[in-house]
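Each remark here refers to the structure printed beneath this line.
The values are calculated or read from the model by the stated rules, or taken from the named source; none is laboratory data. No experiment lies behind these values; they were computed from the predicted model shown. Ideal geometry is used to build each Cβ from the backbone, glycine not excepted, and the neighbour counts take in all protein chains shown.
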Amino acid sequence: MAITISDPKLKFKFVDATDILWITYTFPGYDTITITGTQMIAVEKDYHRVWDGTQGHMIPTTFLEMTFGVADGGTVFKF
């Protein structure tokens, strides 16, 4: 079964994020969410859109901090 990450009409710029091991978002009140297995990510004004290979995540840009681990040989900043 093939999956389309985003309808091309939406014009999101997804980048390959297979070298990102995990992403943790910290929100006001210090609640956190951690996403592992990141495959693709698009950073937009209102949301980060993350595909983890199984689920799509829309993270509002109201977070305080985004931290992430990068695999050896990977690229730290892609956007």
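Here residue 54 meets each of (1) more than 17 Å from residue 79 (Cα to Cα); (2) at pLDDT 95 or above with one exception, condition (2).
Of all residues in the range 32-43, at least one satisfies being farther than 25 Å from residue 3 by Cα, of a type in the set (S, T, N, Q) and either modelled with pLDDT of 95 or more or in a strand (DSSP E or B) (or both). All of 34, 4, 26 fail the test of being touching a residue at least 40 places away in the same chain (Cβ under 8 Å) and over 16 Å from residue 76 (Cα atoms), apart from 26. Specify which of the listed residues (53, 74) is surrounded by fewer than 12 Cβ atoms within 10 Å (Cβ to Cβ) and part of a loop (DSSP other than H, G, I, E, B). Just a single option satisfies the conditions, and that option is 53.
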